[in-house]
Structures are given as structure tokens and as C-alpha cells.
Amino acid sequence: MCGIVCGISKRNVLPILTEGLSRLEYRGYDSAGLAYSSKKSVTVVKNQGRVADLVNKVSLKGIETNQAIAHTRWATHGVPSEKNAHPQFSKNKIYVVHNGIIENHNNLRDNLISEGYKFISATDTETIAHLVHFFMEKGLDFESASLKAISKLQGTYALGIMDKDVPDLIIGARNQSPLVIGQGYDENFLASDIMALAPVTNKFKFMEDGQICFLEKEQVQVVNSNGLKAKLKTQEIDSHSYSNDLGGYNHFMEKEIFEQPKAIENSLEGRLGKNETQEGIFGAGFEAAVKDVANIQIIACGTSFHAARIFEYWSHKFLGINCRVDYGSEYKYQEPVKSKNTLLVTISQSGETADTLSSLKFAKKTGDPLTLTICNVANSSLCRESDFTLLTNAGPEIGVASTKAFVTQLACLNLLLLTLMREHKKLPSARKKITSALKDLPKHVGATLKKLDAYQATAKLLFKRNSALFLGRGLYFPIAREGALKLKEISYIHAEAYPAGELKHGPLALIDKDMPVIALVPDNEHLDKIQSNIEEVAARKGKVITIGPLGRTKIAKEGGHIKIPKTLDLLNPIICVVPLQLISYYTALLKGTDVDKPRNLAKSVTVE
Ligand code: F6R
């Protein structure tokens, strides 16, 4: 989604900001722009399309500037176009970059039009620029006019604002959209994501909702919405871990798939003892807090939602605790019935997904006191809103399609399962077995990454098809859904996942010789039933590819079979997702789609 990077320095900030924009590309965007001040005037350069084209436009001019604001836009209000790209401006004086959605922009726009303001874009952001200008016309200075304008905004925003006539000042503001201040020596920066600033600083202040900051070269002031000075801790963060280097791979998705064994190791490191999880890995007091937990509610979106659905099975089977899973975008509308002793868990790669975040806030307001987040980004909004955090430690995930985030979420959810089992005194010998099998998971995932021929051959079967069906039962059904999601998002092939038993209740009508079906075949009590489902498809000439821990000879009539390493039944689905990721990846390569930045999608979905 949209990205912001702004800077003010004694040196030329343009190369820093353009590099920052490139580092934000992974979030997804359709246009980019920047405004820089030089010799008492401000120049805006924007274009629809890639940051590289914007950089060409800018660097051709050989410009130097000490102050600029820059943006990548993912269209919400108004089509992707140069006009709608940010910065938006008012009367060639006030310049604004904005992430989020201003919900009352129609009212504000009508009032401003009646005051004589002309709008040239379809964006909600242009309203902010005119509003600041309007209050300056009424006699306020830039700071006061910005404070006043911000107080009129309803909705979500991260903002960077600049006034042509006030050099050496950039104003930032945050409400439910991330914004971080990066501090340097005689320079300060503002960004929606520390990824943008990793090459220039390791000192960050994470702004909180309602805060406004005043950025100058030598200092930064932060105030709360009441205008009173706010204190924000400066945190030192190892910027090297924010590398955006492909490291010899062709795509970030490919790199991240192959990083999975190491990523799982990092998720588990220091968290597993000989037979149990270590105490305190979720934060001090977690064990005592979860002793009486009688219900688990999980909220997540997309791939993270699929990880949650797997935990649901684990919770019922190994804890006997009822677990409910809701989409972040739906939870609030279900009028959830609150139960005592509920542990509310959010799962998110980015920690900034607006749907998940707003549901967490809603849950806290409506009486869920105990909150945990399983998240890949330290200091993200979900981490800060939750009582307890378990970081997945997967390292930055840049490819829009989540891969290593998913397997590390599952590793962490397994740590949660083991911890709850211990605190609820459940199945000590099973705990021991699971702990030991979990330690072997990186090895099995590594072995699964070696069967590239099989994945490429399956991709050849898929890439000319319009649709594909994924089947699974029990624990493998969420994996089937994850496989279908991967295929549709990066190859644009329509893919659906069904619980295999549901086939005969409708989707069987879709089966003919042109319908590829990927069936996930476990080595458990569901085997016979899924065998029958495979035969139902084969009898209608559907092309079935099977994936699972059993050998080929044990599977009913099928087109091709991919054998994965066998481990405990509860962990085998984690291994099973790896072939699905790679099949999607190779299918997308054959189709020639933009693997890392699939059309219309954003990495961090910061609007509801
Ligand atoms: C799919 C994908 C999305 C995200 C979803 C939630 O590959 O990446 O479905 O999983 O937008 O994002 P997070 O996990 O950041 O909350």
C-alpha cells in the first residue's frame, strides 16, 4: 500500500528519498511522486507507474535539495494517474503526502469548494492541502494551520506536509497508519516503514495515534493531539536486517521460499528447551495469564488467516479449548458473543493490517482483556496494541505473496500450543514428541525445497488453464486454501479450495478433462475418504496431482504425485505448503506475471 518517505538534512536528500521509495516498492503501488524545495520554490515530479521512471525524471535534472517529501500511491480515491499521485498541493504553497483514507473528505471538499478552492485530483488527500492553506489564509501560521486542519480530519492517516514559504520544516501526523521518525546527525526523516530508512539511520521513534511531529534538521518535536509535548523513546534497530537484496535469486518470493528452513530455525531459536517451550517467550507473566484460558479467538487476514485455521484444529485436538477464527474484516460485524477467560490472538506478517488492527481495538473495547499477537514486525501497531507478542523472526518479507511469514507463523503457533498444553497440564508425552518434531521441521522443509523438477512439471500443467481446484481434509484444508490463494494472487489463475468432502455437494460439476485438481493426501484417518474423492475426480477425467507424505503406490489413481517428508501428523501440513508455493511460483514464471508485485495487490494493507 502507499508509502511515505520525507527528509530534511544539511546534505542532498533526493538520493535518500528516491532510494527510500524503491525500498517501499514491495508494499505495492501504482504511481509515485515527490516534492522538493530549492531556492524558495517547490517542484513536484510525479508519474503513473514505476519508481524507476520517477527516479529517471528526477536525476536527469541533476537537482539537489535539503528538504523533500515523497510517496508511492496505491489508489483508493481516484484512478491511478499522474494527477492523483501524491504529493497533492494547494495554490503551489502547501504540499502533502498521505497514507490512509479521510472518511469525511466529501464534506470538507464541498466546504472548500464553496470557499473558492479548485480541486484538480479525485483524491481525499488534496482536501488536506487545501484545508491547511485555508487556515493559513485565515491568519494562522503553518504549524497552527496544520494542527487545526488535522483536527478536522476523520479517518486514517499518516501525513507529511511542507510549506513552500517555511523552509526547514516538515510536519508529520499519524492516526491508525504507521509513521516512524528516523533520526540522523543534522538530519531527520519520516517514513511509513523503517525499510525506507534502513540505509541512513538505525535510530527510530515510532509515532502513536493522534501525534503530530515537527521535523527540522537539528531537532524533532512531537506533540499529542491536545498540542502538549509528547515523549517518544528512541529505539535502536539493526538496519542490516532490512536488506532488500535479492541475494542471487530472481525474485523476492523465490528467495523467501528458499529462506524458509532458516526462518523457521530463527522462529524457534532460544524458545525450545529439551522437551518443552522455554518459559517467558511470550513476555513476562504470559504463563500465569493463560492458566485459566477457556476460549481462544483468533483474528487475521489472508495467509495469516489460514495459519489461524490450522491452530483451530490443534487447539481442539490437543487442548480441548474452543477456538474461533475470524477475518479481520468481518469480526466486528458478527456481534461476537464474549466469553470469560478468552485469549484473543492476532496473527499478521506486517503488524499493520488495518482490518486486523481495528478488530483488535474493537475486541479490547468490548471486553477481551488478554491479547497476544504473533507478528513479524517488531514495534508494529499490532505489537504495540497487544499485551503479549511473539515475533516470528522471519526477517523482512518483501514479495507480496506471503511465504516464509506463513511457515513461521505456524512454527510460532506451535510454540503457543505447546505452552498452553503445559500450562493446562495436557498430554506431557505428546508435548515431548511435538517439541522434538518441531526441531526437525527446518530439515524437512529444506528437503522439500529440492524437488524443483516436480514443481516445474506441475506448473507446466497449470499455466494454460483458467481454473484449478485444491482439495484437502482436516488440517490440510487450510493448506489447500493457502495453495489456492498463492496460485490466484501471483498467476491470476482462478483457484478455489474445497474440503474434499464438499466436492460432491457442488464443485464436482466443474470437473472435466481441463480442470486440474491438486489433492493433499495425508497419512492419517482421512486417507481412505480422500482416496474416494480422488477417484470421483478421475472418473470424470479431471487431472489430479496429489501431494502428501505417502509413497506413490499408496495413492489411488492419479496424474502425478509429489511425496513430501513425513513427520507428525499435526506438523505435516506445514511441509505440504512448500510444494504449493513453488508450483504457484513456477506457474507465474511461465505466465510471465509480476511475481513480486502482482497487479492490484499491496504488501501491507493499511486501509479497511
Ligand atoms: C497473501 C498475502 C495476504 C496477507 C494479508 C494479511 O499472500 O500476503 O493475504 O496475508 O493481507 O497480511 P498480514 O499478515 O500482514 O496481516
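The values are calculated or read from the model by the stated rules, or taken from the named source; none is laboratory data. None of the values given here were measured: they were computed from a predicted structure. Heads up, the Cβs are rebuilt from the backbone with ideal geometry, glycines too, and the neighbour counts pull from every protein chain shown. Surface areas here come from the heavy atoms of the whole protein model, side chains and all, with no ligands, DNA or RNA. Shrake-Rupley method; radii C 1.70, N 1.55, O 1.52, S 1.80 Å.
With runs of 4+ DSSP H residues as the only contributors, calculate the mean residue ellipticity of the chain at 222 nm using -39,500 (n - 2.57) per run, divided by the residue total and rounded to the nearest 500. Walk me through the numbers before you get to the answer.
Working: 17 runs with 205 residues, N = 608.
My calculation for the chain gives -10500 deg cm²/dmol from helical runs alone.
Please give the peptides 371-380, 455-464 ranked by average Cβ packing (other Cβ atoms within 10 Å per residue), highest first, as a rough proxy for protection. List each step's numbers first, then the result.
Values: 371-380: 24.3, 455-464: 17.8.
Highest mean packing first, the order is 371-380, 455-464.
Kindly flag which residue pairs out of Lys40/Lys205; Lys262/Lys340; Lys203/Lys488; Lys203/Lys486; Lys57/Lys460; Lys40/Lys203 have an alpha-carbon separation exceeding 32 Å in this structure. Present the calculation step by step, with values, prior to reporting the outcome.
On the way: Lys40/Lys205 30 Å; Lys262/Lys340 39 Å; Lys203/Lys488 39 Å; Lys203/Lys486 36 Å; Lys57/Lys460 40 Å; Lys40/Lys203 30 Å.
In this structure, Lys262/Lys340; Lys203/Lys488; Lys203/Lys486; Lys57/Lys460 lie more than 32 Å apart at Cα.
With Cβ to Cβ distances under 13 Å as the rule, what net charge do the other residues near Ile194 carry (K, R +1; D, E -1)?
Counting the neighbours of Ile194, the net charge comes to 0.
With a probe of 1.4 Å, find how much accessible area the chain has per residue, and write the answer as a whole number in Å².
That works out to 39 Å² for each residue.
Whole percent per 10 Å bin, from 0 to the bin with the longest distance: what is P(r) over all C-alpha pairs of the chain?
It works out to 3, 17, 25, 24, 17, 10, 4, 0, 0, in whole percents.
Which of the listed residues, Gly474, Gln409, Thr373, is farthest toward the dipole's positive end in the stretch 348-493, when Lys, Arg count +1 and Asp, Glu count -1 at the beta-carbon?
Among Gly474, Gln409, Thr373, the one farthest towards the positive end of the dipole of the stretch 348-493 is Gly474.
Report in % the part of the accessible area of the chain that belongs to carbon and sulfur, leaving out ligands and nucleic acids; probe 1.4 Å. List each step's numbers first, then the result.
Working: 11420 of 23470 Å².
Answer for the chain: carbon and sulfur cover 49 percent of the accessible area.
Given Lys464/Lys541; Lys464/Lys566; Lys317/Lys425, which pairs have Cα atoms separated by over 20 Å? Walk me through the intermediate numbers first.
Values: Lys464/Lys541 17 Å; Lys464/Lys566 32 Å; Lys317/Lys425 14 Å.
Checking Cα-Cα distances, Lys464/Lys566 exceed 20 Å.
Students often check this: by mean Cβ neighbours within 10 Å, which of 424-430, 412-418, 393-399 ranks highest, and how do the rest follow? Provide the component values of the computation, followed by the final result.
Details: 424-430: 13.0, 412-418: 24.0, 393-399: 22.4.
Listed from highest to lowest mean packing, they are 412-418, 393-399, 424-430.
In cubic angstrom, how much convex hull volume per residue do the alpha carbon atoms of the stretch 452-591 span?
88
Can you tell me the FRET efficiency between Arg552 and Glu103 if r is taken as the Cβ-Cβ distance and R0 is 51 Å, rounded to the nearest 0.05?
Details: r = 56 Å, r/R0 = 1.10.
E between Arg552 and Glu103, to the nearest 0.05, is 0.35.
Beyond a 27 Å Cα-Cα separation, which of these cross-linked pairs lie in this structure: Lys255/Lys554; Lys231/Lys338; Lys274/Lys338; Lys529/Lys563; Lys332/Lys603? Could the numbers behind the result be given before it?
On the way: Lys255/Lys554 33 Å; Lys231/Lys338 36 Å; Lys274/Lys338 37 Å; Lys529/Lys563 19 Å; Lys332/Lys603 23 Å.
The pairs that break the limit, which is 27 Å between Cα atoms, are Lys255/Lys554; Lys231/Lys338; Lys274/Lys338.
Can you spot the aspartates and glutamates whose alpha carbon is less than 17 Å from Lys118's alpha carbon? Ignore those fewer than 8 places along the same chain.
Within reach: Asp110, Glu126, Glu137.
How do 286-295, 226-235, 253-262, 400-409 rank on mean C-beta neighbours within 10 Å, highest first? Don't jump to the answer; show the numbers that get you there.
On the way: 286-295: 15.7, 226-235: 10.4, 253-262: 22.0, 400-409: 28.4.
Packing proxy ranking, top to bottom: 400-409, 253-262, 286-295, 226-235.
Which of the listed residues, Asn47, Thr353, Leu232, is farthest toward the dipole's positive end in the chain, when Lys, Arg count +1 and Asp, Glu count -1 at the beta-carbon?
Among Asn47, Thr353, Leu232, the one farthest towards the positive end of the dipole of the chain is Thr353.
Using Cα-Cα distances under 8 Å and only pairs 6 or more residues apart, what relative contact order does the stretch 273-409 have, in percent? Intermediate results must be reported in sequence, preceding the final value.
Details: 229 pairs, mean separation 32.4, N = 137.
Reported relative contact order: 24 percent.
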